[in-house]
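Here the structure comes first, spelled out in structure tokens, and everything after it is commentary.
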Number of protein chains: 2
Amino acid sequence: MRTVDLIHQKRGGAELNPDEIAFLVNGYNSGEIPDYQMSAFLMAVFFSGMTDREVSALTESMMNSGASLDLSSIPGVKVDKHSTGGVGDKTSLIVAPIAAAAGVIVPMISGRALGHTGGTLDKLESIPGFRTDLSMEEFHAQLQELGLAFIGQSEEIAPADKKLYALRDVTATVESIPLIASSIMSKKLAEGLDALVLDVKVGSGAFMKKQVDARRLAQMMVGIGRRVDKKVQALITDMNQPLGFAVGNALEVMEVSQTLHNEGPDDLRRLSLELAARMIFLGKVTPTLDDARQLAEKKLVDGSAYKKFKQVVEAQGGNSQALDKFELLPNATGMREVSTPRSGFVSAIQAEDIGRACTLLGAGRATKEEGIDAAVGVILEVKTGEKVDSGSVLCRIYYTNEETLDEAAELIEDAFRISSQKPEERELILEVVG
Amino acid sequence: MRTVDLIHQKRGGAELNPDEIAFLVNGYNSGEIPDYQMSAFLMAVFFSGMTDREVSALTESMMNSGASLDLSSIPGVKVDKHSTGGVGDKTSLIVAPIAAAAGVIVPMISGRALGHTGGTLDKLESIPGFRTDLSMEEFHAQLQELGLAFIGQSEEIAPADKKLYALRDVTATVESIPLIASSIMSKKLAEGLDALVLDVKVGSGAFMKKQVDARRLAQMMVGIGRRVDKKVQALITDMNQPLGFAVGNALEVMEVSQTLHNEGPDDLRRLSLELAARMIFLGKVTPTLDDARQLAEKKLVDGSAYKKFKQVVEAQGGNSQALDKFELLPNATGMREVSTPRSGFVSAIQAEDIGRACTLLGAGRATKEEGIDAAVGVILEVKTGEKVDSGSVLCRIYYTNEETLDEAAELIEDAFRISSQKPEERELILEVVG
């Protein structure tokens, strides 16, 4: 088997067999296949695509390149949730406690912010003392005791995926649906799950700009799960405006707390409940999805999800008082209001621009090495479809560094579109796949 | 300017401007842009193509990456000829002496065999003593005196092209028309030419399998020349069967000698005369192409082209007696006849298979480092369209090593197709571009 011949075949649109895919992944992971051949192969995949069989083989080869977690000693059905990334998307922090409070075992393994979207670990770490670097023993023990633990992805999970992702990042081969699907699933399948709920974001603030692409990605991931007997469901959800009102790590933790007190924004609450219900249903706690929906709502409304979250925060070293006394969270030193010069209807809030502005303010990372500022971000005062008068406040910017403030503020102002016509209402949950 | 952004743009089908192309070529040549980014870019070019402006910019950037020859001190119009490579294609050795005998200055800079096609330098070096490593002083002096000299491409010409070609070879990005066109033209334009005649081969034995691709390649190269005010003409010629009868280095030199004695195969003679006529016309020796055709034929028939070739062989250290006494050329130790088991018409002689068989026998190289055996090869006894009886000899295999003989012979046997119907006649010269 010669690498150049396999590149040639993929370039011509042929299907590679599982042995050929494994040869490429293993050879690249061990360093026998050089970067320059793998990047040509990845670009050929970008153009030629991959069959379902190829995507499954790629996923399994990457998964098998490293360690797998074994959670079989913990009783109960293990269900995780993964989002493809959006602006203001703090659902994991709400969904996981609801599902765990309902009896699902939730081993939540999350990532950090990169680009314009936030990361669950960064949000959690804005709670003073919160540790995401649990040892495997601590992780197991906490799952056993509380049914929920949050950690980062270990270096040993799917190392081939890490190496491939780093190469894709510098060779303009990130935006390939089969490569995205296999990257996500190789990590998730190595985590010892029984089932997985996916939130595939679509819209201006998401990776997938078109619903047809989001659907294809969702179908591919559900198919990968099916071929290894893991139940996977995907919601395709709108990401044309930020989710909820808050964007920025500590600001989002405040909104999580409000939502777990049943006082959160409607869109965030609705999506969180639906995702949690899917986890509860796949976790076999209830016989029907409708029962799961009722149970999810009950666990939110009766405060047991909030209680679960507080317990988890304490178990992981965090100061749970900060969830009620927001002054204990990192606070920005300055605030600037953005208001509209004209009246009309908010017809769009470009989520990607809001996300990029928050990264500029310090809430995200331009490169992997950068630190983040947990305090900064944006609180929306309006959402798409609302009527505003000239001079109304559209949002508040929370900042600590004045140097990037003007640039960020300009991006944020431009993100809002005001029109004289009321825009058509958009569905939040667009499709269910799987 | 960031490399990953340029790859991204090309991936999306955008046109890069000349500065961006130069940034990529210079960065790659200097080692600042790594192989893995360039190979992703090349694969993106394979799929997205290039505009004429991009191809010209790429050609000029590669040309400017190294030295250029300055032949301005030599009076007369300098015209070279280049073939995209075929099996049994020894036209350079015939065309160059005819054009030089007619008064054109022919600085012929050639390559070596790689893959299934032969190389002009290898053929010349089968003449005992022949040196292709002339110094620049020797090359100038010989051009001044004889109007013709044969040398290999110096390391200083278009080094970026060499580096890119080596990368393309191992990343399955060779077969891209803009990359092929710019590679050829960057080298030729660095050679101080006034005009260039191209022989673009099409068919089973050529790089370009389809006439539409050959036409696109020819048009692209003619266009590159036009944009730098160099007159370039291209013939698109058939390469579905070997050209002439001989394939193999010394065997081809014998056929060159016969052709220069006006006793060569008809197809080889016709194509050589047409290519030489184009060089004479572009070399401004005659006012019209028809005059050039008459002059070319005269120079062949009256023996002055043969005389010119003999002088050049002697000037470059070769034993010119070997052109008349073939026993002075390297001779094979064994010969095997291949005959047909059935009667009918020769409907095809797969040139690529004949070429691959000759490489197996030792006439070509599988890798750049291999030596070649000048003596071995194949002499066809029939050409496409001829009638054969059962038991007729189709060709003779000349070999020195019995180890690969059976495998080569099998390839050669399979290369001949015999059918009961006389095949339609194929044109040799299919199109003229430019």
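Here are some notes:
- Scanning the range A:153-168 for residues that are more than 8 Å from chain B (Cβ to nearest Cβ), touching a helix residue (DSSP H, G or I) at 6+ places or on another chain (Cβ under 8 Å) and assigned to a helix (DSSP H, G or I), we see that the one that is nearest to B:Ala44 (Cα to Cα) is A:Arg168.
- Some residue of the range A:392-401 being in contact with a Lys or Arg (Cβ under 9 Å, 6 or more places away or on another chain) and of a type in the set (S, T, N, Q): no
- Subset of the range B:200-238 [touching a Ser or Thr at 6+ places or on another chain (Cβ under 6 Å) and either of a type in the set (Lys, Arg) or within 11 Å of B:Thr84 (Cα to Cα) (or both)]: B:Val200, B:Lys201, B:Phe207, B:Arg227
- Matching residues in the range B:255-291 - criterion: being out of contact with any Ser or Thr (no Cβ under 7 Å at 6 or more places or on another chain), open to solvent by less than 30 Å² (accessible area, probe 1.4 Å) and closer than 30 Å to B:Thr400 by Cβ: B:Glu255, B:Val256, B:Ser257, B:Leu260, B:Gly264, B:Pro265, B:Asp267
- Restricting the range B:62-73 to residues that are assigned to a loop (DSSP other than H, G, I, E, B) and surrounded by 17 or more Cβ atoms within 10 Å (Cβ to Cβ), the residue that is nearest to the other protein chains (Cβ to nearest Cβ): B:Ser65
- Candidates B:Ser339, B:Ser304: the one that is within 30 Å of B:Lys209 (Cα to Cα) and at pLDDT 95 or above is B:Ser339.
- Residue check, A:Lys230 within 14 Å of chain B (Cβ to nearest Cβ) and out of contact with any Lys or Arg (no Cβ under 6 Å at 6 or more places or on another chain): no
- Hits in the range A:292-337 - residues which are closer than 30 Å to A:Asn401 by Cα, of a type in the set (A, V, I, L, M), over 23 Å from the mean Cα position of the chain (by Cα) and crowded, with 16+ Cβ neighbours inside 10 Å: A:Ala322, A:Ala332
- Only a single criterion out of (1) open to solvent by 40 Å² or more (accessible area, probe 1.4 Å); (2) of a type in the set (A, V, I, L, M); (3) within 14 Å of chain A (Cβ to nearest Cβ) is not satisfied by B:Ala141, namely (3).
- So A:Met43, is it more than 24 Å from the chain's Cα centre (by Cα) and either open to solvent by 30 Å² or more (accessible area, probe 1.4 Å) or within 14 Å of chain B (Cβ to nearest Cβ) (or both): yes
- Scope the range B:22-35; condition within 30 Å of the chain's Cα centre (by Cα) and either surrounded by 24 or more Cβ atoms within 10 Å (Cβ to Cβ) or within 13 Å of another protein chain (Cβ to nearest Cβ) (or both); matching residues: B:Leu24, B:Val25, B:Tyr28, B:Asp35
- Lone qualifier among B:Glu413, B:Glu407, B:Glu403 - being open to solvent by 70 Å² or more (accessible area, probe 1.4 Å), without any contact (Cβ under 8 Å) to a residue 12 or more places away in the chain and in a helix (DSSP H, G or I): B:Glu403
- Flag for B:Met50 being in a loop (DSSP other than H, G, I, E, B), of a type outside the set (Asp, Glu) and away from chain A (no Cβ under 11 Å): yes
- Some residue of the range B:115-134 being more than 28 Å from B:Arg293 (Cβ to Cβ), without any contact (Cβ under 8 Å) to a residue 12 or more places away in the chain and open to solvent by 10 Å² or more (accessible area, probe 1.4 Å): no
- Subset of the range A:360-387 (residues that are at pLDDT below 90 and under 20 Å from A:Lys201 (Cα atoms)): A:Gly364
- Residues (open to solvent by 20 Å² or more (accessible area, probe 1.4 Å) and in a strand (DSSP E or B)) located in the range B:361-400: B:Ile379, B:Lys387, B:Val393, B:Arg396, B:Tyr398, B:Tyr399
- Residues that are at pLDDT below 95 and among the hydrophobic types (A, V, I, L, M, F, W, C) were ranked within the range A:88-115; the one that is farthest from A:Val256 (Cα to Cα) is A:Leu114.
- Filter pass, A:Ala277 being more than 14 Å from chain B (Cβ to nearest Cβ), free of Cβ contacts under 8 Å to residues at least 60 places away in the same chain and within 18 Å of the chain's Cα centre (by Cα): yes
- Filtered residue count, the range B:227-243, keeping only those that are part of a loop (DSSP other than H, G, I, E, B) and either in contact with a Phe, Trp or Tyr (Cβ under 7 Å, 6 or more places away or on another chain) or charged (D, E, K, R) (or both): 2
- Checked against the criteria, B:Ala357 counts as of a type in the set (Gly, Ala, Ser), out of contact with any Cys (no Cβ under 9 Å at 6 or more places or on another chain), surrounded by 19 or more Cβ atoms within 10 Å (Cβ to Cβ) and in a helix (DSSP H, G or I).
- Remark: pairs (first residue in the range A:1-14, more than 9 Å from every other protein chain (Cβ to nearest Cβ); second residue of a type outside the set (Ser, Thr, Tyr); Cβ separation under 7 Å; 6+ apart in sequence or on different chains) = A:Met1/A:Glu20; A:Met1/A:Phe23.
- Answer from B:Thr84, B:Thr91, B:Thr59 - the residue that is open to solvent by 10 Å² or more (accessible area, probe 1.4 Å) and either under 27 Å from the mean Cα position of the chain (by Cα) or of a type in the set (Val, Ile, Thr) (or both): B:Thr84
The values are calculated or read from the model by the stated rules, or taken from the named source; none is laboratory data. Since this is a predicted model, take the numbers as computed values, not measurements. Cβ atoms come from the backbone with ideal geometry, glycine included; neighbour counts cover every protein chain shown. All accessible areas refer to the heavy atoms of the entire protein, side chains included, with ligands and DNA or RNA removed. Shrake-Rupley method; radii C 1.70, N 1.55, O 1.52, S 1.80 Å.
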